[in-house]
Amino acid sequence: MTELTMLCFAALVAHIDPAWRLVSVEVLSGGEAAHVALLDIAKSDGARERLVVRRHRPRDLANNPDIAHDEFRLLALLAAEGVAAPRPIHHEPAGLFETPCLVVSHIDGTPADDNVDPDALVIEMAHYLARLHRVDGSRRELAFLPRLEQGLETMVADSPVVPDETLSESSIRCALGNLPPPVSGHPPALLHGDFWPGNIVWQDRTIAGVIDWEDAAIGDPVADLANARLELAWLMGAQYADQLAQRYVAATHGAVDLADLPRWDLAAALRPAGWVGGWEEYDPETIRAMKARHREFVHKAMVELPIRYR
């Protein structure tokens, strides 16, 4: 890290509280959506605190130049609702750094994709999603978030010149394109948008918090469930994806109807198509296994598409 970058982080801390002092900075790896750094802060009373700085990457900034501020507002609402997520500390407009940045509290724990009891994880994920989806998506304070159904329409229409047939892209696009527009039987809910074990901070067999809210949206809660199902199928196997659906229905006391789950499963399966850079961290055998599980996930969704859509 350059001296200039260190000076920028020190200035950022001073903007938050002039009495605070930057002790150290650790650049964290693995952030696909943002550049992430962990700051060690000394407060005026001698207490120490760790803060996380997120600077979103060009792709997300191109889609939404206000993404850092929007995420700050969303995290403030989650804190008021008692949903386990980082506390928003500060939003810094562009200037100090080339792009805006978001400062949030650090949550102690480990990613839930790291040697976690899968049965305990599925139960906790189901209850967390059920709690999150009780947040009314029609609230005026959430009007800045995108609508999921509009994003689905854009994703299906944005067909590449060369489809990713290793992930059944043409078949998925054809199936989704032949379905009528989604009409949810549920009130619009607040969705995380990328709810998977890697975004879950795990501590003492519970979810200490969920991070990375840049994909949050308003829409059918079943879509959030479907994204999480694909991730569990990839990491642990199809049986855990099905367990999550069952646990989620139980956690919502049957308030959520899964009749449209095959549609949202296919939408989730379409997202990684053409995801060239995303496979680089995996060895060839893992990639083969993940693609096989993806095909199984897609096949099952195709078979289970509601009769009325055929």
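If you go through segment 152-168 one residue at a time, how many are free of Cβ contacts under 8 Å to residues at least 40 places away in the same chain and more than 20 Å from the chain's Cα centre (by Cα)?
Final tally of qualifying residues: 6.
Is it fair to say residue 241 is buried (at least 24 other Cβ atoms within 10 Å of the Cβ), at pLDDT 95 or above and in a helix (DSSP H, G or I)?
Spelling it out, residue 241 is indeed buried (at least 24 other Cβ atoms within 10 Å of the Cβ), at pLDDT 95 or above and in a helix (DSSP H, G or I).
Given the conditions (1) over 30 Å from residue 52 (Cβ atoms); (2) touching a residue at least 24 places away in the same chain (Cβ under 8 Å), report the number of the one that residue 198 does not fulfil.
(1)
Among all residue pairs at least 6 apart or on different chains, which show Cβ distances below 7 Å where the first residue, located in segment 133-144, is farther than 24 Å from residue 249 by Cα and in the same structural domain as residue 253 (by TED's automatic domain parsing) and the second is of a type in the set (Asp, Glu) and part of a helix (DSSP H, G or I)?
If the second residue must be of a type in the set (Asp, Glu) and part of a helix (DSSP H, G or I), the pairs left are 144/70.
Collect the residues in segment 232-249 that are within 16 Å of residue 116 (Cβ to Cβ) and either among the aromatic types (Phe, Trp, Tyr) or in contact with a Gly (Cβ under 8 Å, 6 or more places away or on another chain) (or both), keeping them in residue-number order.
The answer is 234, 240.
Restricting to segment 263-303, name every residue that is aromatic (Phe, Trp, Tyr) and either touching a Lys or Arg at 6+ places or on another chain (Cβ under 9 Å) or part of a helix (DSSP H, G or I) (or both).
264, 279, 297, listed by residue number.
Restricted to segment 184-205, and to residues that are buried (at least 24 other Cβ atoms within 10 Å of the Cβ) and in contact with a strand residue (DSSP E or B) (Cβ under 6 Å, 6 or more places away or on another chain), which residue is nearest to residue 75 (Cα to Cα)?
Result: 191.
On the basis of being aliphatic (A, V, I, L, M), closer than 21 Å to residue 258 by Cα, in the same structural domain as residue 264 (by TED's automatic domain parsing) and touching a Gly at 6+ places or on another chain (Cβ under 8 Å), does residue 175 make the cut?
No.
Taking segment 206-228 as the search range and keeping residues that are over 19 Å from residue 82 (Cα atoms) and more than 13 Å from the chain's Cα centre (by Cα), which one is surrounded by the fewest Cβ atoms within 10 Å (Cβ to Cβ)?
219
Where residues in segment 71-88 are of a type outside the set (A, V, I, L, M) and more than 14 Å from the chain's Cα centre (by Cα), which of them is surrounded by the most Cβ atoms within 10 Å (Cβ to Cβ)?
72
Mind checking which residues of segment 146-199 are among the acidic types (Asp, Glu) and in contact with a Pro (Cβ under 7 Å, 6 or more places away or on another chain)?
Across segment 146-199, the qualifying residues are 149, 169.
The values are calculated or read from the model by the stated rules, or taken from the named source; none is laboratory data. These figures come from a predicted structure and were not determined experimentally. We place every Cβ from the backbone using ideal geometry, glycine too, and count neighbours over all the protein chains shown.
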